Amino acid sequence: MLSSLLKKRLSDEQLANVFINGLLEVIESSFPVLAEMINDDTAFVKSPEIAENQNGEFAMIVFAANMQLLQSSFDPTHANEIQKHVIVKLAQMNDIIPTEFQKRLKDYQQFISRINHPSKNLIYGMSKAIFAKYNLHQFQDEYFKRLAAPNPLFLKRLDEITKLFIWDWDAFFKRYKL
């Protein structure tokens, strides 16, 4: 009872700020570790040499996946309102108009869905999208290179990491109320 009284109340715009800042902080602080893990992975015969500042594709994948999950955490009207705030703020940060950023985000969501078809597992889709966007197939051994498919062992390791980039709405609602 007391914990519900101590929760901080947030507007949709404040929620969007917390959401964006939280994800950006995790992406920026964790991507160098992810890049190192990929570069050193035994699934590759040659290191992909992903630089720790090449997080643009990864950030878009993380935001696309998390924006898709908003629909399952809120009622559709509320989720759409939050998405509008997030899109406007991310568009401003990237110096593009909101409709262009929204289109880019939707393209990433469709890409994740398409590359992951027929699976509906978003974590698996994120891993496959990372694999594709960073052209990792070309660094694998000949068998998987010819298939242009990820080594399943590598994909499993990547799944374990990408699931850490999904926003934890349960933890959020324990601390905040709308």
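So the values come out like this:
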quantity	calculated
Residue check for A129: hydrophobic (A, V, I, L, M, F, W, C) and closer than 28 Å to I20 by Cβ	yes
Unmet criterion (only one of (1) closer than 23 Å to L122 by Cα; (2) free of Cβ contacts under 8 Å to residues at least 12 places away in the same chain; (3) crowded, with 17+ Cβ neighbours inside 10 Å) for M67	(2)
Filter result (touching a Leu at 6+ places or on another chain (Cβ under 7 Å) and aromatic (F, W, Y)) within segment 59-88	F63
Residue check for K7: modelled with pLDDT under 95, of a type in the set (K, R) and loosely packed, with under 14 Cβ neighbours inside 10 Å	yes
Wholly enclosed helices (runs of 4 or more DSSP H) of segment 97-178 bearing at least 2 residues at pLDDT 95 or above and within 29 Å of L15 (Cα to Cα)	98-116, 122-133, 152-162
Residues of segment 21-45 that turn out to be within 18 Å of L155 (Cβ to Cβ), in contact (Cβ under 8 Å) with a residue 60 or more places away in the chain and in a helix (DSSP H, G or I), as a count	3
Single residue of segment 95-117 satisfying the filter (surrounded by 13 or more Cβ atoms within 10 Å (Cβ to Cβ) and polar (S, T, N, Q)) that is farthest from A129 (Cα to Cα)	Q102
Test: residue in segment 153-171 that is within 18 Å of D41 (Cβ to Cβ) and without any contact (Cβ under 8 Å) to a residue 24 or more places away in the chain	yes
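The values are calculated or read from the model by the stated rules, or taken from the named source; none is laboratory data. Note that the coordinates shown come from a computational prediction; the quantities given were computed from them, not determined experimentally. Cβ coordinates were reconstructed from backbone atoms using ideal geometry, including for glycine residues, and neighbour counts include every protein chain displayed.
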